[in-house]
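Note sheet for the following structure.
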Ligand SMILES: *Cc1c(COP(=O)(O)O)cnc(C)c1O
């Protein structure tokens, strides 16, 4: 297997250091989910040697193409919009569906999970800035949605995921992270039956410092670690 490049090692060390210092002892540093979408398997396999065990992919087709060659070496998180008719293809391949954001999808995940005799861990994707094109339910609908999913025996909600708007570093963006953590804490305190509030997935290459500062438990980092995505694979 290829060795990870020195450049990759340096980027990773830098990101891990920054996550650690930004969380500042107030929160544990978030877990790093390395977003490998558009990157070929040959680039992904060396990540094992850097103790990266969890990767994020956003397309069902791409997961299907890569999973045999990845040979179970990584846990795969589904982080992209999921079409209902494609749930069946990934129900056995991913460790966590981070993009659960509507009831018809919940019902299909539940149905496929029961069929495969498993309970699928999911995060409910929230849209903190109300950007429907990015997926995610409105914050105002979150509570009711959780109550609706909680009884489904094939789904276990493990927490929340958010995709933030591309604002660039600014107070408004930082406030959205703060706000998400506050919602997460409030829901955790409420302890809804059938819902675990353990994971808060937020923060990407451009804003993971804010995420770490405001209590993300996972950040999803692609380009800051692996470099820019190839133009042949726009996302
Ligand atoms: C692509 C993607 C990421 C990672 O984006 P980078 O800016 O490359 O770190 C994180 N989350 C989701 C949902 C994505 O689609």
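Just so it is clear, none of the values below were taken in a lab; they were calculated from the coordinates. What you see is a predicted model, and the numbers here were worked out from it, not measured in a lab. Cβ coordinates were reconstructed from backbone atoms using ideal geometry, including for glycine residues, and neighbour counts include every protein chain displayed.
Points to keep in mind about this one:
- For the residues 31, 11, 81, a GNM of the chain with alpha-carbon springs under 10 Å puts the largest fluctuation on 11.
- Exposure proxy ranking, count of Cβ atoms within 10 Å, fewest first, for 99, 140, 93: 140, 93, 99
- Just checking the listed ones, 30, 132, 153: in the Gaussian network model of the chain with Cα springs under 10 Å, the one fluctuating most is 132.
- Going from the fewest other Cβ atoms within 10 Å to the most, the residues 217, 36, 84 appear in the order 84, 217, 36.
- For 87, 219, the sequence from fewest to most other C-beta atoms within 10 Å is 87, 219.
- Scattering from the chain was approximated by placing one identical point on each alpha carbon and applying the Debye formula without solvent; log10 I(q)/I(0) at 0.10 1/Å stands at -0.45.
- Global geometry of the stretch 1-83, whether rounded, prolate or oblate, following the gyration tensor of its Cα atoms and the 1.5 cut on a/c: oblate
- q = 0.20, 0.21 Å⁻¹, the stretch 82-219: log10 I(q)/I(0) [Debye, one scatterer per Cα]: -1.16, -1.25
- DSSP-defined beta bridges in the chain - what % are antiparallel, rounded to 5: 0 percent
- Surface/4 estimate of mean projected area, convex hull on alpha-carbon atoms of the stretch 53-142, nm²: 6.0 nm²
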